[in-house]
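Read through the structure below, which is laid out as structure tokens, and then see the notes.
Computed from the coordinates by the stated procedures, all read-outs in this text should not be read as laboratory data. The shown structure was predicted, so the numbers you read here are calculated from the model rather than taken from an experiment. Heads up, the Cβs are rebuilt from the backbone with ideal geometry, glycines too, and the neighbour counts pull from every protein chain shown.
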């Protein structure tokens, strides 16, 4: 660790980043007019943008100061935080590229190196970034360590293996046995042991010592933050809901990529206060909420605005999603007094590592709790664990709850897979069914 | 309201269809023309011909519902509805016991479940791929140097079928080319193509389930070989409208009337 790099990082962190944020605020163009169908936008959006810009901006100055880890969204990051790794989430970065409608560009770079178009677009974008150095975030620091868990999919292991090979760096894989019926004692112990075995490796890579009290503090912060996130989502039970799920897709970023850090905890306290106030005052995310919908699967990042507007204009609001719920669903298991086994429960039982019956029961519960009238499922070949089984889920849900549903065939970040006219017809037909079912 | 007239205009990817009905749901005229490159012009022309056939003036039509991919380009429409709802309503009007509609259109195919009023309850569509659609047959007909009628002639109903495994239209076309190069009889190839479409449709039907009588709509319903294969695969008889191509426009006209 060089003194010069450290000094530079400190100056940038304390003075450079705040100055940049202030400057960005100044040069900000006139805000885009809000279409009539929407209610007043959330004040917290501004703070969210600041946090994320600052995170990516500081990342440029991190090499030589902190060790950098690239982490998957479902990995038990709390352990890494105890060693002060600067964490980068390639999935979050790929979503950012997708939202900027640059996904196809990055994907084709990876495809040019032989990665199949059938591979997840998050992986292709990340590999495209690695191969070309391109990023909308200015510059991403190269990792010193890779940390992945197959609790979200098997692809991450092979994707991270490719990076480990390319950069010749260590890869830690957290193996989470699939919960076919329920998690066994053996599964929990197996996972808890893996976590403890990681400590000496993490100490070696980070050149830092593991302190239990530091780790416990982080775990506690992560737990509290996730619970606050859960409370924010629960606030959407209100009619009208104080935000749409399309807002929540954006506000999800800190809980995914900054949980365990005070910045995330502070942020969600602010957001929670805002949504609670909106509920108390009856302020809705859309100006006239007549129908309430549930979303299944990852966002279609390059079409968030299109979809938000399409539905808001038809007085339809997405009030819940299995996707946003994933970072609140199992965090209740976190327990500072039993760090290892409680982390095994939290990270082993998440929706994508759990059986279809679990998912069906969860969705039915969400549909009832949030007074949902209809369901939109995004089917994407990028996320096979999420998309396989959707037809059966749809069948079971429409039959049991008499709920209109539609499946959209698209992609999370590769906009080439989007077929506007096809999707439009499906969505309009879905709206016709929904209107018929509620008023027929 | 027998003196009131309603029109449905279905601007599809291949054809533009217009149906004019009176308030008693009697069909006064039906017109089918190719859509070509200008949907709004095709809609205008088809509408004028339909008015001529029905001996009506433009002013006598009190409501027009546009449907199909080009529904947004129909300037004279008073309402718009998706072709999915329209096929449901149209098929139900022709065969009131219809619970399931299979529409094989030019650009897509769909399976629609309707209630006892013809209102759509649920639907499923083919994914972004032309296999299992009218376009698929059109491409293959060109390659086989047959016209669409020849492709559906009863001659091809039974007998051997050449395997067509690809679900991609372009790749299926290259399979056809290699079969032709091996001197496979054209009837066998046609049979294989029909089977390939039927398999695609069947998986959509399976995903949504069958309720009530099944009615087949869209131009592909004229393909007798395909109809027979589909009936075999589903294990039940299909209702085939006299003019399967105009069922969407008929449904649109009915919707115009209901909403009036």
Descending semi-axes in Å of segment B:87-157, equivalent ellipsoid built from Cα gyration tensor: 29, 15, 8
Alpha carbon convex hull of segment A:45-88, volume per residue in cubic angstrom: 81 Å³
Model label zone, residue B:4; criterion: amide N under 14 Å from point 7 Å along Cα-to-beta-carbon; scope segment B:46-60: B:60
Chain A: antiparallel DSSP beta bridges as a percent of all, rounded to 5: 5 percent
A:107, A:431 arranged by Cβ crowding within 10 Å, fewest neighbours leading: A:431, A:107
Label-point separation, residue A:193 to residue A:23 (7 Å along Cα→Cβ), nm: 5.4 nm
Between 0 and 90°, nearest 10: helix A:420-439 axis offset from chain A longest Cα axis: 60 degrees
Stokes-Einstein D (µm²/s) once Rh is taken as the Kirkwood radius of chain B over alpha-carbon pairs, at 37 °C in 0.692 mPa s: 177 µm²/s
Distance histogram in 5 Å bins (all Cα pairs of segment B:184-260, percent per bin): 3, 13, 20, 21, 18, 11, 7, 4, 1, 1, 0, 0
Segment B:19-86 pair-distance distribution - Cα-Cα, 10 Å bins, rounded %: 20, 56, 24, 0
With Cα atoms, 0 to 90° folded angle of helix B:134-144 axis to chain B main axis: 40 degrees
Debye equation applied to the C-alpha atoms of segment B:99-240, log10 I(q)/I(0) at 0.13, 0.16, 0.17 Å⁻¹: -0.52, -0.78, -0.87
Label-to-label distance, nm, for residues given as residue A:100 and residue B:188 (7 Å Cα→Cβ offset): 5.6 nm
Where N is the number of residues in segment A:31-439, Cα Rg divided by 2.2 N^0.38 Å: 0.96
Diffusion constant of segment A:147-254 at 4 °C, which comes from Stokes-Einstein with the Kirkwood Cα-pair radius and 1.567 mPa s, µm²/s: 75 µm²/s
Relative contact order %, chain B, counting alpha carbon pairs below 8 Å whose residues are six or more apart: 24 percent
Residue A:336-residue B:60 FRET efficiency (beta carbon distance; Förster radius 56 Å; 0.05 resolution): 0.10
Residue A:207/residue A:288 FRET efficiency (R0 51 Å; Cβ-Cβ; nearest 0.05): 0.30
Cα-based helix-to-principal-axis angle, B:247-259 vs chain B, degrees rounded to 10: 30 degrees
Semi-axes of the equivalent ellipsoid for the protein assembly as shown, Cα gyration tensor, largest first, Å: 52, 29, 23
Rounded FRET efficiency, nearest 0.05, which uses the C-beta distance separating residue A:371 from residue A:231 and R0 of 25 Å: 0.85
Average Cα contact separation per residue, chain A, under 8 Å, 6 or more apart, as relative contact order %: 19 percent
Proxy reagent accessibility, fewest Cβ within 10 Å first, across A:276, B:10, B:3: B:3, A:276, B:10
Whole-percent pair-distance distribution, where bins are 10 Å wide, for the alpha carbons of segment B:1-155: 11, 34, 37, 16, 2, 0
Fraction of the pair-distance distribution of segment A:258-364 above 16 Å, Cα-Cα pairs, percent: 72 percent
Hypothetical label at residue A:158: residues of segment A:337-354 whose amide nitrogen lies under 19 Å (7 Å Cα-Cβ projection): A:353
